[in-house]
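Enquirer: To start, I am sharing the structure in question, which I have written as structure tokens.
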Amino acid sequence: MTRCKEFCDRLSDYLDGEIGKNECILIEEHLDVCPPCAGVFEALKTTLQLCREGVSEEVPQEVQARLKTFLRQHCHNQECGE
Amino acid sequence: MVKRAALHLLTCSSLRVSADRVEIMDEDREIVARVVDGDYDAFEMLVEKYQGRIYRHLRKMVHDNSQVEDLLQETFLSAYRGLHGFAGSSSFATWLFRIATNTALMFLRKNHPEVVEFSDEIGNRSDIHFVPASPEFISTPLDMLLSQEGKRKLERAIDSLPFMYRTVLVLRDVEGFSLEEVSRIMESSIPAVKSRLHRARHSVREALNAYYAERNTSSKRSASGHHD
């Protein structure tokens, strides 16, 4: 379990491509033979995919309209960069 | 072999994303140059393009919808005033998110200092527990994970993270900034960003894990007619 924990501690860096080739091979070999760690890896990958696709960036229409008005009022009183 | 293929796919996808981002950076620089030359319509193009992402980032940082609108306005006004100082050494997006982050941080330090001061309470990296993945989470189809209910659960898992962890996760995994860009935006070292990201990702994974395992148990109970 301790060894598994060590591998799982490196999975985040592994997914970011932040570890060396030799360590990559060690992790991949471990994932091939350890179903619990492979499960953690799959769950972590799914979590990242959900983060990319599942968080709304919708701005309410009235907020957009007020932002536009606010900026027109304040920016037109001065030149950009002042 | 499956993992290698997965990593290869991630790498190819990263290369595609990098190419797209270079194109976006060039496009943004052209628009910024027009704004600096006095073209206000060009500034509105930048506002239109980034308002959704900045709004989402501020919402996740501040958790107070009544304040987010003011911070959104303040961020874009500060950006407009500072555009002459945009040197182009980073992307416009990185520069803008740094302004938004600083705007939110100033607000929080003034009004809710406890949120920023005690934001490291997950502790250090070596304390993380090894929580096995639940088969229910892994086997749930993506479209179900991305249902309204699934998205709400995801947002709640992110929102329950301490401030610094939440912000790093949102910048890296929601907004897609590189580790280096996140460290610039947060004015943190890359090792600090990586450490927080690691813990944040596992915390969200564990929250989703627990939710889908529990959901599956409840469904089985209902199906067998068992009531507590």
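Enquirer: Interface A/B, total buried accessible area with a 1.4 Å probe, nearest 100 Å²?
Expert: On the way: alone 7050 and 13870 Å², together 15560 Å².
Chains A and B together bury approximately 5400 Å².
Enquirer: So, in nm, how far is label A:Cys24 from label B:Glu155 when the simple model puts each one 7 Å beyond its Cα toward the Cβ?
Expert: A separation of 3.7 nm, rounded to one decimal place.
Enquirer: If a/c stays under 1.5 just call it rounded; otherwise compare a/b with b/c (prolate if a/b is bigger, oblate if not). Do that for the range B:73-203, with a ≥ b ≥ c from the square roots of the Cα gyration tensor eigenvalues. Please report the intermediate quantities before stating the final value.
Expert: On the way: a/c = 1.92, a/b = 1.62, b/c = 1.19.
Prolate, since a/c reaches 1.5 and a/b exceeds b/c.
Enquirer: Something else about it: Which shape class applies to the range B:21-112: rounded if a/c is under 1.5, otherwise prolate when a/b exceeds b/c and oblate if not, where a ≥ b ≥ c are the square roots of the Cα gyration tensor eigenvalues? Intermediate results must be reported in sequence, preceding the final value.
Expert: Working: a/c = 2.00, a/b = 1.93, b/c = 1.04.
It comes out prolate by the Cα gyration axes.
Enquirer: Mind checking the mean number of beta-carbon atoms from other chains within 10 Å of the Cβ atoms in A:7-14? Before the final figure, lay out the partial values.
Expert: Numbers: counts 1, 8, 7, 1, 4, 11, 5, 3.
Counting other chains' Cβ atoms within 10 Å and averaging over A:7-14 gives 5.
Enquirer: So if R0 is 35 Å, what FRET efficiency would A:Gln49 and A:Asn77 give, r being the distance between their Cβ atoms, rounded to the nearest 0.05? If you can, show how the numbers build up before the last one.
Expert: Values: r = 45 Å, r/R0 = 1.28.
That pair, A:Gln49 with A:Asn77, gives E of 0.20.
Enquirer: Averaged over its residues, how many other protein chain Cβ atoms are within 10 Å of peptide B:92-104's Cβ atoms? Write down the numbers at each step before the final one.
Expert: On the way: counts 0, 0, 0, 0, 0, 0, 0, 0, 0, 0, 0, 0, 0.
Across B:92-104, the average partner-chain Cβ count within 10 Å equals 0.
Enquirer: For chain A, what's the radius of gyration and Dmax over Cα atoms, in angstrom?
Expert: Radius of gyration, then largest Cα-Cα span, for chain A: 23.1, 66 Å.
Enquirer: Within a 10 angstrom radius of each residue's Cβ in B:67-73, how many Cβ atoms of other chains show up on average? Whole number is fine. The partial results should precede the final answer.
Expert: Numbers: counts 0, 2, 7, 1, 0, 6, 7.
That works out to 3 on average.
The values are calculated or read from the model by the stated rules, or taken from the named source; none is laboratory data. Computed from a prediction, not measured in an experiment: that's the story for all the values here. As a convention, Cβ positions derive from the backbone with ideal geometry for all residues, glycine included, and neighbour counts pool all protein chains shown. We work out accessible area using only protein heavy atoms, side chains counted, and drop any ligands, DNA or RNA first. Shrake-Rupley method; radii C 1.70, N 1.55, O 1.52, S 1.80 Å.
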